[in-house]
Structure formats: C-alpha cells, structure tokens
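Below: one structure, written as structure tokens.
Read-outs: derived from the displayed coordinates by stated rules, not from any lab. Because the structure is a prediction, the values reported are computed rather than measured. So basically every Cβ, Gly included, is an ideal-geometry build from the backbone, and we count neighbours across all protein chains shown.
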C-alpha cells in the first residue's frame with residue numbers, strides 16, 4: 001500500500017488487525033444507500049424519458065455523476081478489503097466469500113445485507129436495461145421519421161436504383 005494511506009482505509013500497514021465485521025458492514029451500508037439513491041435516479045430518469053423532458057434529464061446529470069463517484073468509492077473500498085483479505089490468507093474473490101470464511105456469527109450478521117445488496121444489484125441492472133431499451137426505441141423512432149422525410153414516405157426501390165422514381169419531400173414543403 002502507498003505511503004499516503006488515509007486513516008479511514010481498512011488496510012493499514014503495521015496496524016491493528018482488521019475488524020472484518022465492521023469494515024464489511026460499513027461497506028454494505030454505504031453500498032445500500034448508494035444503490036437506493038441510484039434506483040431513485042433511474043426511476044426518475046425513466047419518467048423523464050417517457051415524458052421526453054430533455055431539461056429534466058439535463059438537470060439530473062449532476063446527481064448521476066455524484067452517485068457514480070459514490071459507486072466508485074464503494075468499488076475501491078471493496079478492492080481494498082479484498083486485497084487485505086488476500087494478504088491475510090482469507091478468500092478474496094468476493095465480499096460474499098470473504099464473509100463466509102469469517103466466524104459463523106459474523107457471517108450470519110452480514111448475510112442479510114449481502115443478500116439485499118445482491119438483490120438491489122439485479123434490480124439496478126433491470127432498471128438500467130429498461131431505460132436503455134426506452135432510449136433505443138426512441139432513437140429507432142427518430143431514425144424512421146428521418147427516413148420518411150428523406151424518402152418522401154416512399155421506400156427506395158431495390159432494382160433500377162439509377163432511375164429517378166419521382167422522389168420528393170412529400171412531408172416537407174415542396175417549395176423549399
């Protein structure tokens with residue numbers, strides 16, 4: 001670890017042993033709060049997308065960035081905990097495997113929070129996918145409108161591509 005380790009980091013060189021229960025519980029608490037806030041933002045964003053409220057979407061961008069920073073902080077803290085676990089010979093593939101390797105009473109205390117974090121992660125994935133599909137459908141709709149404008153509502157012929165088929169901007173004022 002670097003020389004500028006903060007006092008709040010769970011991994012300190014030559015420090016007292018790590019209180020795994022407290023450190024993991026703190027991580028899960030921070031993650032739970034952040035996930036809850038992200039779920040709220042995703043729901044609000046979905047409503048704004050449905051309403052085509054571009055001003056509202058722009059307004060929540062700073063809140064999304066703040067949540068992204070908090071998620072990165074959780075990710076970094078998770079990495080530090082797993083690195084410390086590896087240094088102590090504990091399982092370090094995930095927080096769940098680390099908790100399972102701790103004494104039984106600690107594992108039982110942490111298990112509900114771990115389960116909740118996993119469920120919220122699945123819900124966040126679902127909400128993100130829903131918003132992505134909504135945006136993709138909007139983009140497809142807009143591209144179809146542009147195609148109608150460009151072709152005058154007539155499909156381009158497969159054969160005789162060189163021949164002028166009388167294409168006009170039927171959806172536009174023909175005087176333009």
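Shown is the FRET efficiency for residue 104 and residue 125, computed with R0 = 22 Å from the Cβ-Cβ distance and rounded to the nearest 0.05: 0.10. Global dimensions of the stretch 20-151 from alpha-carbon coordinates: Rg and Dmax equal 19.9, 70 Å.
For the stretch 35-86, the mean projected area of the C-alpha convex hull, equal to one quarter of the hull surface, is 3.8 nm².
Taking 0.36 nm per residue of separation and subtracting the Cα-Cα distance, full extension of the segment from residue 151 to residue 93 would add 15.3 nm.
For residue 138 and residue 68, the difference between the fully extended length at 0.36 nm per residue and the C-alpha to C-alpha distance is 22.7 nm.
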